[in-house]
């Protein structure tokens, strides 16, 4: 049974909360599998969603439906996904051979933020921290979270100081370890992080 045209359009609609979570590296095996690189050490977003939205490499605007000729599709439906060595392997509905998988090489993978599994109360997804204002205990503005660095044991906030606009030089960023010793509070509703950090650090 096929869906109505409206249903098909809904399925192809680009999510307003789409987050880029990885990319397809290459084909895997001969039955249509693909190797995937996750952008985060915690790849739960890839595992939790069975609908991955794709964009071609380094292209800003999402593609529409797949035209004839092998253009990367806008949406793929995942039939299985699992850890494999240091990477991730996935199989895709409708991709049955290596040639089909190779046609997806380099595609950027996006997942709806609403499809992410719920985080624990003291855990946060990187995407939710980027763009938050950072202030210290004295109420002084330190800047805005531009990104994070994964050091292994913990993450580090890359904070662009107030008054500057990204991109900035590396020595202009504030690097604040995202650990309880320095981070007092994360308020997603207020879009603000409070830290124990001085203006002159």
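The values are calculated or read from the model by the stated rules, or taken from the named source; none is laboratory data. These figures come from a predicted structure and were not determined experimentally. Ideal geometry is used to build each Cβ from the backbone, glycine not excepted, and the neighbour counts take in all protein chains shown.
Details
- Summed over segment 148-195, the residues that are touching a strand residue (DSSP E or B) at 6+ places or on another chain (Cβ under 7 Å), loosely packed, with under 15 Cβ neighbours inside 10 Å and part of a strand (DSSP E or B) give a count of 5.
- Search result, residues across segment 136-147 that are assigned to a loop (DSSP other than H, G, I, E, B) and either on the phi > 0 side of the Ramachandran plot or in the same structural domain as residue 28 (by TED's automatic domain parsing) (or both): 139
- When residue 72 is tested against (1) more than 16 Å from the chain's Cα centre (by Cα); (2) touching a residue at least 40 places away in the same chain (Cβ under 8 Å); (3) closer than 19 Å to residue 20 by Cβ, only condition (2) is not met.
- Residue within segment 36-43 that is modelled with pLDDT under 90, assigned to a helix (DSSP H, G or I) and within 12 Å of the chain's Cα centre (by Cα) present: no
- Some residue of segment 18-30 being in a loop (DSSP other than H, G, I, E, B), at pLDDT 90 or above, touching a helix residue (DSSP H, G or I) at 6+ places or on another chain (Cβ under 6 Å) and surrounded by fewer than 14 Cβ atoms within 10 Å (Cβ to Cβ): yes
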